[in-house]
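Trainee: This is the structure, below, for whatever I ask next.
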Protein chains: 4
Amino acid sequence: MAGNSFGTLFKVTTYGESHGKGIGAVIDGCPSGISLSSEDFDAEMSRRRPGIGAFDTPRREEDRVEILSGVFEGLTTGASISLFVPNKDARSKSYEILKRLFRPGHADYTYFKKYGHFDFHGAGRYSARETAARVAAGVVAGKILNPIGIKVDAFTVELGGIRVDSIDMDKIKDSPLYCPDQKAGKRMMEALGKAKEEGDSLGGIVEIRVAGCPPGLGEPVFDKLDADIAKAVMSMGAVKGVEIGAGFEASRLKGSENNDPITPEGFRTNRAGGILGGISNGDEIIIRAAVKPIPSIGMEQDTIDREGRASRISMTGRFDVCAIPRVIPVLEAMVKLTLADHYLRFQAMKIN
Amino acid sequence: MAGNSFGTLFKVTTYGESHGKGIGAVIDGCPSGISLSSEDFDAEMSRRRPGIGAFDTPRREEDRVEILSGVFEGLTTGASISLFVPNKDARSKSYEILKRLFRPGHADYTYFKKYGHFDFHGAGRYSARETAARVAAGVVAGKILNPIGIKVDAFTVELGGIRVDSIDMDKIKDSPLYCPDQKAGKRMMEALGKAKEEGDSLGGIVEIRVAGCPPGLGEPVFDKLDADIAKAVMSMGAVKGVEIGAGFEASRLKGSENNDPITPEGFRTNRAGGILGGISNGDEIIIRAAVKPIPSIGMEQDTIDREGRASRISMTGRFDVCAIPRVIPVLEAMVKLTLADHYLRFQAMKIN
Amino acid sequence: MAGNSFGTLFKVTTYGESHGKGIGAVIDGCPSGISLSSEDFDAEMSRRRPGIGAFDTPRREEDRVEILSGVFEGLTTGASISLFVPNKDARSKSYEILKRLFRPGHADYTYFKKYGHFDFHGAGRYSARETAARVAAGVVAGKILNPIGIKVDAFTVELGGIRVDSIDMDKIKDSPLYCPDQKAGKRMMEALGKAKEEGDSLGGIVEIRVAGCPPGLGEPVFDKLDADIAKAVMSMGAVKGVEIGAGFEASRLKGSENNDPITPEGFRTNRAGGILGGISNGDEIIIRAAVKPIPSIGMEQDTIDREGRASRISMTGRFDVCAIPRVIPVLEAMVKLTLADHYLRFQAMKIN
Amino acid sequence: MAGNSFGTLFKVTTYGESHGKGIGAVIDGCPSGISLSSEDFDAEMSRRRPGIGAFDTPRREEDRVEILSGVFEGLTTGASISLFVPNKDARSKSYEILKRLFRPGHADYTYFKKYGHFDFHGAGRYSARETAARVAAGVVAGKILNPIGIKVDAFTVELGGIRVDSIDMDKIKDSPLYCPDQKAGKRMMEALGKAKEEGDSLGGIVEIRVAGCPPGLGEPVFDKLDADIAKAVMSMGAVKGVEIGAGFEASRLKGSENNDPITPEGFRTNRAGGILGGISNGDEIIIRAAVKPIPSIGMEQDTIDREGRASRISMTGRFDVCAIPRVIPVLEAMVKLTLADHYLRFQAMKIN
C-alpha cells in the first residue's frame, strides 16, 4: 500500500513529478451539486508559486488547473474529480549532478535505497512541485468548508530565529512572508537577504488557525482530529515538528495553568488549541509547524556518490532561501483536506 | 468511519471502556508462524500500570492479556488475533460528579457534544485505560520488529520544566521516571512531590529512539514514516506536540547547519532524526512528544454543568501527578505499531 | 492486509475459531444513541444454530452474545462495540484425522499452503462457527436499517434440485428449510432424508429479498451496491454463485424483454432486481446465492496426507446434510451489513 | 466514501466521463522497476473499442494511453502512475433526449435520484467508456502477473441463448465474439444479425479462466479470492450474475459429486474452480459472468420524464447489439486487478 492518497471519505490521490507532463489530484468523495470551475483555483495556485522579491527561484510557471472530470455545467456531479496541472517549465539540465551525487538534506539517498533507482530530473516525486496538487485539492475541500463557516489561515510566527511580538491578522495579506507583525517581518526580510548572500537558507515556524469549526469533529481513539492534523502537517517534506494549542509549552505548565476553565460563555482560555480528547470543542483550532531550512544551498557540502565514494557538492542555480512563503498555502490546504474529510465522517454518523 | 483502527496492513482495532467488562484489541494482518503466548504480554502490561512510589493512583489492576483467537499450539495462524484484558477494579462511585459537570482539560464536553451522551463512569472510551489495548497490540508488533533488529526505547528528557543534562540509556531502567540522567531525575521527583502537595500536576517531554531500522520504510507522499509516526504519537490524549530529529530547533538553524553531511561511513550528524523525504535512512529515528500535565487536579476550577450553568469542580480521590511514566510504554507501543505496519507495506512491494 | 474486516463506514472485524475460547466481532462505526442489549441477539443467534429435525449435527451451543464495550445504559455510545460469543462445546477428539489428511472440498489444503500450518481442531478459522460473529454483527446493522424501513428476508428456492413452484412469504417462518412453497418443502425434506441415508449431502439456492430500500444506495463505479452485495454473499464459504434480479436468466433475454419499463407508478417489472448502474432504484432488491453441498460426507473419498501420499478419508461423526438452513440467517446478516454500510456512505455525502 | 477506487495494495482510482476531456486511472501501489511504456497499452485498448462487423456502433476512437507520471526512463519508479485516455469523439447532439427522459435499463433514473442531477451527455460516469480506464490499469496489473506466470483469458460460452458445445481455446482469437466453438460462434453471429434487424439486443455468458495462479492467494474471511473476484466482475454495469467453478450447478450436485478428490498429482476434478475456502488452490480459476442485453434498443419503450410523467422513448443512432465483445477485455482487466492486488497482499505477509 503506497501512500499517495489522503483522507478516508473526502479522499485525494495525487500523482506527478516535477519534470514530467504535469501533476494532478483525483478527488473521490466530493458531494454533488457544488459549484466548481477552473478559475476557482487561480488565487491559491498563484500563492503557492515561487516569487518573493529577490529571494526565490525565478521559475514562474502559470499553474492553471484543468478539470478533467467530475463537473458538469459548473457543478460537481458526485463522480471523481480529476484536476491536472501541466508542467510548463521543464529544465532538466541543471540537475545533471543528481545522476551521481546524493544531496545532503534531500531524499535522493532514501528514494534510491527504497526504489532502486530515482528520477533525478528535479527530484521526481519528492520535488516541492508535488504540493501543487495538494493546493488544488485544498480548493475543493474549501468549497465544503466555506458554507459551514470554517476558515483556515496560516502565517509566519518565526523565521530565522526572529519571532513575532504581536499578531495582527490584517497585516498578513500585505506581507510577502505572511507575517502578522510588520516590524518582525522587516527583520525577517533582512535575515533572508543575509542568508542569500551567504549561499545559505533559513527555516521558521508557521501557525495555522481554524476559525468556525463546530464541536464534534474528530474520531477517537486513533483518528483524533489533532492526530490527523499532525499527520497532514508532517506529511510536508519541510516540516519537522507540529504542535496543537500550547503544544510543547504545555509540557512546562502545571495542570492548574494548562486546563482551560469552562464558563457559560465558553472556554476562558484556549491552551487546548480547540481540541479536547481528539474532538473539536468549538474554539479556534491552533496548530504550529516547524519548517526546516531549505536543504539546497550554495555552500559546499560533504556527500557521497551512488557508489558510496566521498565527494563534495555545491548546488548552483537559483534556489529559494526559505520555504515558508510557499509552504503556507500548502499547509492551509492540508488542514482543509483534513477538516473536509472529518466533516464528512461526522456527517455519516448523524443518522437520527 | 469511526477511528478505532490503526494501521493498514498490520491493522489494530481496539475497544473497551474503563469500567466495562474489559478492553481489547483485534489484530488483523499478523503473519503466521510467530510464537505468541499470554506471558509475552506481562512485562509491558505491568509497565503501563500505575505505580511510581507515592505519586500515582493506588489502583492496581493485574492486567493479564487473554488470547481469544489467532494462536494455535503457540504460533500465530495468520487469522485475526483477539487480545482481551478484563477490567478488575471497577469503582464507579467516585465518578458521580461527572454525571453533572464537565471537567476542564478532559474530553467530557466534546464527547457529550459529539455523541449526545457519554459514559461518565471513569471517562468511558477516553479513559487512559484504553491505552492498555495499545500496549498489548504493541507487544505483537514487537514480535515482527525483533527479528529484524528494530528496537524502540522511550525515556523522559524533561519533566515539570526540568531538562536532562545528559542521556545515559543504561540509567533508564532504574528510574521510576524513565529518566536517563540520575541527577535530573532526582529533581524531577522533588518537583512531583511539590506538585502533589499543591494538588496540582506536571507535564514533560518524552524522547523515543528507534535503533536498527533499515532504510526504505515510509510511503510518500502522504504516508511518510514521520507523518504516520506523528499521527501515532499525537493520537495519545496527553500529547500536544511531536517533533522528529532536530524538530522545532531545526527551524532556527541554517541549511548549512541542519543538513546532515553524508560520508562513506554514513550520515555525520542526525538532525533529520533518521528520516529523509518521509523514508527511513538507516540512522537512528528520533522522536519527541510533548506531554501535557494531567487535567485531573485537586485544586478547584471553573466549569459548567450539562445545562450550561456556571459551577466549580474539584476532583477528589487519588490521581496521578504526571502521566509520563504510564505514557512511555504506550508511546513505545504506538511507534512499534507504526513500524510493523510500514515494514509489511515495504515488504508488499518487494516483488522482484 | 488480511481480510477479517467488512465494510468501510460500518466496519466489522471478526475473529475466532471453532474450538478456541470463542468468536467475536468488533463494530467500528455504529452511530451513538441506538438501543442495544444482549437479548437483542438471541433470536438471530438461535436461528443460526444447527437443529432441523434429524438432519443436522446435534451439537447445540447456547450462543449468547456478550456486549463487551460500546454500550452504556442501554444505548450505543459511538465507541467501538465488541460482541463476544463464547464457545461452549469444544470437542477436539473427533477431528484427530485432520492432523494428517486434507478433506476434499474443505479448505484444509489451501490453509496449509498459505499459512504453513493450520488449526486442525474443527477447521479453525474456516469453520462455519465463524459465521456466528457475522450474525451478531448483522443484528446491530439491523438496528440501523429498521428505522428506515429496510427489511431483509432470505428463503430457499431450490434444494437438491427441487425448485419451488410458488413463493408465499408467509410460509417461510413455519418451514425448517425456510421454504416458501409447502409442497416443495416436503419433497426437499424427503430428499434430505435420502441423502442422509446415503452418507451424502445436498446444496441449493437461496433467494434474499430486501424491501424498503430507498433509491440512491451504492457507490459507482467499483463499490456498486450489487458489487458489494456479490462480495458479501460470495464471502460465505458455501456460496459458489450469486445473481441479482433476473441474473443468469437475463443473459438469455432480449433487451426489449429485460429492460424494466418505467411508469409514473414505478418500474413495471423488476428484472434489474432493484439496482440500476450499481445504485438502488427504490424497488425490491433481489439476490440469489448458489449454495454447494456440504463437503463433509460419510462416503469414502480420495485424498492425500500432508506429505502428499495418496490416502482415503471418510468422515465419521454427525454432520449436517445441507448448509442452507444455517446459511440463511448468515446471508441475511451479510446483506444487512452491506446495506448499513452503504446507508452511512450515502449519508456522508448529504451535506446540503 | 465514494467508490471510484479498486484494490487495497495495488490500488486503482479512476475518473472520467464519456464526453468530457477524457478518462483516466491513477495506480497507487505499483512496485518500482517494472518496464512500462505507452505502447504497452495499445493492444488491449484496441480490443475494448467497438467494432465487430456490422453489429456495433461505428464510433471509433483511437484510444491511446498517455503516461502522465510514475515512469522514468522506461521503468516504474514506485510513485503513483497516472494513465490518461483523451476523448476524441464527443458527439453530444444525439443525447438531447436524455435531458428529459429516463432510459429503461440505464442508470439515468438512479443517478438522478442519488446525485440530484446528471450528466446527460452520453451517460456521464456510467457510460461504458469508463471501462477504458479499467483496461488501461489492467495492463499494468498484467505486468505484475506475467513474470509469475499468471494468465487470464475470457471467452464467450453463451450468447442469445446459444451455448458452445466445446471449448477450443485456440479458436478464441479468430472469433469476433471470442467464441471457442466455431459452429456455435456462427449461430451467435446470425442471432446478432436478427436482433439488429429487430432493433433489439442480446446478452450472454462469459467465462474467465486464470492459469498459473499459485496456491495461497485470498484473504479470509471476507476478502476471499472468490469474494473479491465476484465484486470485481459484478462491478461491471452489464453483469447480473457471477459464479465460480461449478457455480449454480454445484447447488444441484451431491457432496460426493461436487467434492474434488485430491490425488498426489493434484485435484482430480475442478468443480471448486480453483478456490477453496477463499484461497487459490493452484488449479485453474474458473469464473463465469452473466451479461445482460444492452438496454439501448431501437424499439419503443415506456418511460417517464424528469417530472414523473408517462412518456415513450425509442433510441435512435447506432448502438451495439451485444456488449460481450467489448466486455471481455474489461472482465479480464478486472480479474487481473484483483489478482495483482491479492498477490501483493500475499507478499506482504511473507516476512519469514
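Trainee: State whether one or more residues within region A:296-306 are open to solvent by less than 20 Å² (accessible area, probe 1.4 Å), at the interface with another protein chain (Cβ under 9 Å from one of its Cβ atoms) and under 19 Å from the mean Cα position of the chain (by Cα).
Mentor: yes
Trainee: Exactly one of (1) open to solvent by 10 Å² or more (accessible area, probe 1.4 Å); (2) hydroxyl-bearing (Ser, Thr, Tyr); (3) closer than 30 Å to D:LYS231 by Cβ; (4) more than 9 Å from every other protein chain (Cβ to nearest Cβ) is unmet by D:THR338. Its number?
Mentor: (1)
Trainee: Counting just the residues of region A:3-15 that are at the interface with chain B (Cβ under 7 Å from one of its Cβ atoms) and open to solvent by less than 10 Å² (accessible area, probe 1.4 Å), which one comes out nearest to B:ALA340 (Cα to Cα)?
Mentor: It comes out as A:GLY3.
Trainee: Still on this model: If you scan region D:144-166, which residues turn out to be open to solvent by less than 70 Å² (accessible area, probe 1.4 Å), more than 30 Å from B:MET349 (Cα to Cα) and in a loop (DSSP other than H, G, I, E, B)?
Mentor: Hits for region D:144-166 are D:GLY160, D:GLY161, D:VAL164, D:SER166.
Trainee: For region D:240-259, what are the residues that are in a helix (DSSP H, G or I), facing another protein chain (nearest Cβ under 7 Å) and not basic (Lys, Arg)?
Mentor: Selection gives D:GLY247, D:PHE248, D:ALA250, D:SER251, D:GLY255, D:SER256, D:ASN258.
Trainee: List pairs: first in region A:137-153 and at positive phi, second part of a loop (DSSP other than H, G, I, E, B), Cβ under 6 Å, 6+ apart or cross-chain?
Mentor: Final answer for the pair search is A:GLY149/A:GLY212.
Trainee: Also: Just checking, which of C:VAL321, C:VAL291, C:VAL327 is at the interface with another protein chain (Cβ under 8 Å from one of its Cβ atoms) and in contact (Cβ under 8 Å) with a residue 12 or more places away in the chain?
Mentor: C:VAL291
Trainee: Can you name every residue in region C:38-56 that is at pLDDT 65 or above and outside any helix (DSSP H, G or I)?
Mentor: C:ARG49
Trainee: What's the total number of residues in region A:250-269 that are among the charged types (D, E, K, R) and surrounded by fewer than 17 Cβ atoms within 10 Å (Cβ to Cβ)?
Mentor: Selection size over region A:250-269: 3.
Trainee: Among the residues of region C:270-295, which ones are open to solvent by 10 Å² or more (accessible area, probe 1.4 Å) and either over 14 Å from D:LYS240 (Cβ atoms) or among the hydroxyl-bearing types (Ser, Thr, Tyr) (or both)?
Mentor: Hits for region C:270-295 are C:GLY282, C:ASP283, C:GLU284, C:LYS292, C:ILE294, C:PRO295.
Trainee: Where residues in region C:64-93 are closer than 30 Å to C:PHE319 by Cβ and in contact with a Phe, Trp or Tyr (Cβ under 9 Å, 6 or more places away or on another chain), which of them is modelled with the lowest pLDDT?
Mentor: Per the stated criteria, the residue is C:SER92.
Trainee: Of all residues in region B:196-217, which are facing another protein chain (nearest Cβ under 7 Å) and farther than 21 Å from B:CYS322 by Cβ?
Mentor: B:PRO215, B:GLY216
Trainee: Please specify each residue of region A:200-231 satisfying the condition of being of a type in the set (D, E, K, R) and part of a loop (DSSP other than H, G, I, E, B).
Mentor: Matches in region A:200-231: A:ASP200, A:LYS224.
Trainee: Conditions first: (1) open to solvent by 10 Å² or more (accessible area, probe 1.4 Å); (2) more than 9 Å from chain B (Cβ to nearest Cβ). A:ALA310 passes all but one, so which condition is the exception?
Mentor: (2)
Trainee: If the Cβ limit is 9 Å and pairs must be 6+ apart or interchain, which residue in region B:260-287 that is farther than 22 Å from B:ILE229 by Cα pairs with which residue that is modelled with pLDDT of 95 or more and among the acidic types (Asp, Glu)?
Mentor: Qualifying pairs under 9 Å: B:PRO261/A:ASP302; B:ILE262/A:ASP302; B:THR263/A:ASP302; B:GLY266/B:ASP283; B:ARG268/A:ASP302; B:ARG268/B:ASP260.
Trainee: When residues of region D:168-199 are filtered for being assigned to a loop (DSSP other than H, G, I, E, B) and either within 21 Å of the chain's Cα centre (by Cα) or surrounded by 20 or more Cβ atoms within 10 Å (Cβ to Cβ) (or both), how many remain?
Mentor: Number of matching residues: 7.
Trainee: Is there a residue in region B:118-134 that is closer than 22 Å to A:ASP226 by Cα, facing chain A (nearest Cβ under 9 Å), modelled with pLDDT of 90 or more and not in a helix (DSSP H, G or I)?
Mentor: Checked region B:118-134: no residue is closer than 22 Å to A:ASP226 by Cα, facing chain A (nearest Cβ under 9 Å), modelled with pLDDT of 90 or more and not in a helix (DSSP H, G or I).
Trainee: Something else: Looking at region A:147-167 only, could you name the residues that are of a type in the set (Val, Ile, Thr) and within 19 Å of the chain's Cα centre (by Cα)?
Mentor: A:ILE150, A:VAL152, A:THR156, A:VAL157
Trainee: The conditions are (1) closer than 27 Å to C:SER314 by Cα; (2) more than 8 Å from chain C (Cβ to nearest Cβ); (3) crowded, with 23+ Cβ neighbours inside 10 Å, and D:PRO220 fails exactly one of them. Which is it?
Mentor: Every condition holds for D:PRO220 apart from (2).
Trainee: Search region D:223-239 for residues being more than 27 Å from B:THR77 (Cβ to Cβ) and not polar (S, T, N, Q), and hand back the single one that is nearest to the other protein chains (Cβ to nearest Cβ).
Mentor: D:MET234
Trainee: Moving on to the next point. Of all residues being open to solvent by 10 Å² or more (accessible area, probe 1.4 Å) and more than 14 Å from the chain's Cα centre (by Cα) in region D:318-335, which is farthest from D:PRO214 (Cα to Cα)? Just the residue, please.
Mentor: Per the stated criteria, the residue is D:ARG318.
Trainee: Let me ask something else about it. Among (1) within 30 Å of B:ARG48 (Cα to Cα); (2) modelled with pLDDT of 95 or more, which single condition is B:THR316 missing?
Mentor: (2)
Trainee: Also: Take region D:18-34 and flag every residue that is open to solvent by 10 Å² or more (accessible area, probe 1.4 Å) and in contact (Cβ under 8 Å) with a residue 60 or more places away in the chain.
Mentor: Result: D:HIS19, D:GLY20, D:LYS21, D:ILE34.
The values are calculated or read from the model by the stated rules, or taken from the named source; none is laboratory data. Because the structure is a prediction, the values reported are computed rather than measured. Neighbour counts are summed over all protein chains in view; Cβ atoms, including those assigned to glycine, are modelled from backbone coordinates with ideal geometry. In case anyone asks, the SASA skips ligands and DNA or RNA and just uses the protein heavy atoms, side chains included. Shrake-Rupley method; radii C 1.70, N 1.55, O 1.52, S 1.80 Å.
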